[in-house]
Structures are given as C-alpha cells and as structure tokens.
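Each value in this text was obtained by applying a stated rule to the coordinates, not by laboratory testing. Fair warning: this is a prediction, and the values are worked out from it, not measured in the lab. Cβ coordinates were reconstructed from backbone atoms using ideal geometry, including for glycine residues, and neighbour counts include every protein chain displayed.
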Amino acid sequence: MERKQGIELLLKYNQEEFHIIHALTVENVMRYFAKENGEDEEFWGIVRIIT
C-alpha cells in the first residue's frame, strides 16, 4: 500500500479532525523511530495511518 491509499482510508473512516491530526502526528513519530532503528520509514508510517 502506498501512503496515498493509506490517507484515503484514514479520511474514509475518520471524520473528526482530531483523529486525522492525531494519526498524522503519530505517523511522523513512527517514521522517526523507524529511521533511528534502521527500519523502513515508509512502511512504519503507513502502518500508523491505517491502524
């Protein structure tokens, strides 16, 4: 899945602005920790968007 598809799912199932902002903020945190641990930033960012 690409990020664009993840964002589409996020917006489809979350209508409240708080939930959308929260998901995107946590996505950035996941990307940071993935980078720090030598993991795939794109994968872990998408995981957070769709969960």
Loop sites in the chain: GluC sites (Glu not before Pro), DSSP, at most 10 other Cβ within 10 Å = 2, 16
Using the Cβ atoms and a cut-off under 9 Å, what net charge is assigned to the surroundings of residue 27, where Lys and Arg are +1 and Asp and Glu are -1?
-> +3
Report, to the nearest 10°, how far helix 41-50 tilts away from the longest principal axis of the Cα atoms in the chain, using its own Cα long axis and a range of 0 to 90°.
-> 30 degrees
So, counting K/R as plus one and D/E as minus one, what does the shell of residues with Cβ under 13 Å around residue 11 add up to?
-> 0
With Rh as the Kirkwood radius over Cα pairs, the chain has Rg/Rh of 0.99
